[in-house]
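Here is the structure we will look at, set down as C-alpha cells.
The values are calculated or read from the model by the stated rules, or taken from the named source; none is laboratory data. If you're wondering where the values come from, they're calculated on a predicted model, not measured in any experiment. Cβ atoms come from the backbone with ideal geometry, glycine included; neighbour counts cover every protein chain shown.
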Amino acid sequence: MFFSLGSFYIAFYPPDEPKYVDAALRMIEHSNYIIPFFNCHIRFDKPIFYYLELVVPFKLFGVDYMLKTGHNPFGIIEYAAKILSIISGSLEALYLYMIRSTYSMIKKLQPTAL
C-alpha cells in the first residue's frame, strides 16, 4: 500500500485513463451498467468488466454522492479510480516474493553435482 501515498494528488494520465474513468462515472450517473459512454458515443474499447471494476470502488468511496454535490475532497475520485491498480500491484509484488522464496528453498534442497 506504499504505492498509494501520492495518488490523491496525481491527476489521471492522458490519453486513456481519463476516458476509462469518465465512462465509469457516466455509468454511475445514468445508472446504465451495461453500455459505457464517452462523449455521447458508445465506448467498447475495453471489455465491460473493466468499467464495472471501476464502478465498485466508486460506489464504496461514495463518488456517486460527490458527482451529485460537485465536491471532490482530497482527490477521492482519483484515489478510488487507482485503488484497484494499487492493490493488484501490491499483490503482484507479494506473489513474486513468494515465488522467489519458494524457488530458493527448492534450490537449497537439491543436491549439487560435482
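Which helices (runs of 4 or more DSSP H) does the range 29-114 wholly contain that include 3 or more residues that are over 24 Å from Pro18 (Cα atoms) and either charged (D, E, K, R) or in contact (Cβ under 8 Å) with a residue 24 or more places away in the chain (or both)? Passing ranges, in order: 76-109.
Kindly indicate whether Ala11 is crowded, with 16+ Cβ neighbours inside 10 Å and not hydroxyl-bearing (Ser, Thr, Tyr). Answer is no for this residue.
Out of Tyr33, Tyr97, Tyr79, Tyr51, which single residue is at pLDDT 85 or above and touching a Pro at 6+ places or on another chain (Cβ under 8 Å)?
Numbers: Tyr33 fails: touching a Pro at 6+ places or on another chain (Cβ under 8 Å); Tyr97 fails: touching a Pro at 6+ places or on another chain (Cβ under 8 Å); Tyr79 fails: touching a Pro at 6+ places or on another chain (Cβ under 8 Å).
It is Tyr51.
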